[in-house]
Every structure is written in structure tokens, then in C-alpha cells.
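Below: one structure, written as C-alpha cells.
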Amino acid sequence: MVSLSDKEDYANSAPIPGRIRETGTLPVLVEPIVGTVTIRKLPKAQVFALDASGQRGARVPVASRNGAVTFKLLPKYQAQHYEVVRE
């Protein structure tokens, strides 16, 4: 699974090893996450965007090249988490 978060979320916080500092409350606002993920030494895979419950949503197109897979993170998937399934 690939989980993403903006690095600015943690810029001013001191991590506490092994502990969750604050869980927060609903509703949660997540800004669109845009980018490209490449996983080396994985010649073939399927990728699915996951909803907030961890259920599979849209299948994400994957490009395989030189023993690596690459996929794009796009706002249309409305996902913060992605499942990568080795084939």
C-alpha cells in the first residue's frame, strides 16, 4: 500500500516514537495529491485507488518499463491511499 501526506503537515510537530499524538475529528479535508510513483524491481503490478475505508476504487493505469512500474497520482482518483498488487 502507498499512503501519502503533504510534508508540510508535519513541519512544526515533534514526532513521538510509537504513539499517535492526535487523531482529530470529522470531517477531514484532504487536498488533491498529484505526482508520479515509480517502484523499482517490480516488473508488473496492478494499482487501485482506495477510499477512506480502504475499499478498492478506480483502477489506476500502470506503465511497466525496465523492471519498474510507474503510475500517476491524480485528483480524479480522490485517494490518499493506493493498493499496489504484484502480478
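Computed log10 I(q)/I(0) for the stretch 25-86 at 0.18, 0.22 Å⁻¹: -0.63, -0.87, from the Debye equation with unit scatterers placed on every C-alpha and solvent omitted. Simple rule: put +1 on each Lys or Arg Cβ and -1 on each Asp or Glu Cβ in the stretch 25-86, find the dipole, and look at Ser64, Gly35, Pro75; the Cα lying farthest toward the positive end is Ser64.
Peptide packing for 25-36, 42-53 was compared via the average number of neighbouring C-beta atoms within 10 Å per residue; ordered from the highest value, the list is 42-53, 25-36. Extending 7 Å from the Cα toward the beta-carbon at both Val34 and Asp51 defines two label points whose distance is 2.6 nm.
What full-extension length gain, to one decimal in nm, is calculated for Arg59 and Val85 as 0.36 nm per residue of separation minus the Cα-Cα distance?
Result: 8.3 nm gained on full extension.
Taking a point 7 Å out from the Cα of Leu26 in the direction of its Cβ, the residues of the stretch 49-77 whose backbone N falls within less than 18 Å of it are 51-55.
Readers should treat all values here as calculations from the given coordinates under stated rules, not as data from a laboratory. In this text, all values refer to a predicted model and were calculated from it rather than measured experimentally. Note: ideal-geometry Cβ built from the backbone for every residue, glycine included; neighbour counts use all protein chains shown.
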